[in-house]
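> Would you mind keeping the following structure in view while I ask a few things?
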Amino acid sequence: MGIFAEALGALALVINFIGYRQNDMNRYRIISAVALAVVSTHFFLLGAMAAGIGCGLASLRNIVALRYRRSEVVLLFVAVNLGFLFYEWFALQHAWIIAIAYTSSLVFTIGSFVLKSATRIRQWFILAELLGLTYAILVGSIFGSIFNISNLVSIFIKLKQDYRHKKTD
């Protein structure tokens, strides 16, 4: 199961790398939704429920955000994230580190719905990726860690390219 889980993590890494290179926000959301669904499965197979739920909700969120970005939808996703956090923490009594995964998920959620600029969303997602990386390291996810590192590198490369492009305009 561990090898299969890590193989899914590797697949998610490749798909998400492609997603972060997109300039069109809807194309980014679709590709990212697929990557998030795959990495969600990866985390569930590793027993990292908080990351599995967070990434699964993120996949769904990206699909919903293609069409709906009203404040009620944002609040619904925030409430669902918090509901799962409280369920895991109080009912299942999972360790405090789940708060890191759910905070990352909340940062992604708010950014996905509120921000419309690809540049702004990349800048906002730096925090979420750093939180995701911290959680992946703490739960021992090799490809989850590489996934977040790759995303951070992709964000910084794309931001640098955008900056250079703007500078020459």
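Every number here is computed from the coordinates shown, using simple stated rules; none is lab data. Quick caveat, the model's predicted, so the values are computed rather than measured. For neighbour counting, all protein chains shown are included, and Cβ atoms are generated from backbone atoms with ideal geometry for every residue, glycine included.
> Test of understanding: express the Cα radius of gyration of the stretch 39-113 as a ratio to 2.2 N^0.38 Å, with N the residue count.
After normalising by residue count via 2.2 N^0.38 Å, the value is 1.07.
> Return, for the Cα atoms of the chain, the radius of gyration and Dmax in Å, separated by a comma.
15.4, 55
> How large is ³J(HN,Hα), in whole Hz, for each residue of the stretch 42-51 in order, when computed from phi with the Karplus curve 6.51 cos²θ - 1.76 cosθ + 1.60 and θ = phi - 60°, using x for Gly and Pro?
Each residue of the stretch 42-51 in turn: 3, 5, 4, 5, 7, x, 8, 4, 4, 5 Hz.
> Continuing with this model, one more query. Go through 102-109, 58-65 and give me the packing order, highest mean Cβ count within 10 Å leading.
102-109, 58-65
> Dividing the alpha-carbon radius of gyration of the stretch 1-67 by 2.2 N^0.38 Å (N being the number of residues), what value is obtained? Could you put the intermediate results ahead of the total?
Working: Rg = 11.8 Å, N = 67, 2.2 N^0.38 = 10.9 Å.
In units of the 2.2 N^0.38 Å rule of thumb, it is 1.08.
> Under 15 Å from the 7 Å Cα→Cβ point of Ala95, by amide nitrogen: which residues of the stretch 1-31?
none
> While we're here: Residue by residue through the stretch 75-89, which ³J(HN,Hα) values in whole Hz follow from phi under the Karplus form 6.51 cos²θ - 1.76 cosθ + 1.60 (θ = phi - 60°), with glycine and proline marked x?
Taking θ as phi minus 60°, the curve returns 4, 4, 5, 4, 4, 5, 4, 5, x, 5, 4, 5, 4, 5, 6 Hz for the stretch 75-89.
> Give me the one-decimal nm value for the distance between modelled label points at Val153 and Leu127, 7 Å along each residue's Cα-to-Cβ direction.
That separation, rounded to one decimal, is 2.6 nm.
> What is the diffusion coefficient of the stretch 108-169 in µm²/s, taking the Kirkwood radius over Cα pairs and the Stokes-Einstein relation at 4 °C with a viscosity of 1.567 mPa s? Mind dumping the intermediate values first?
Numbers: Rh = 12.5 Å.
In µm²/s, the coefficient is 104.
> Within the stretch 107-127, list the residues whose amide N lies under 19 Å from a label point set 7 Å along Cα→Cβ of Ser71.
107, 109-116
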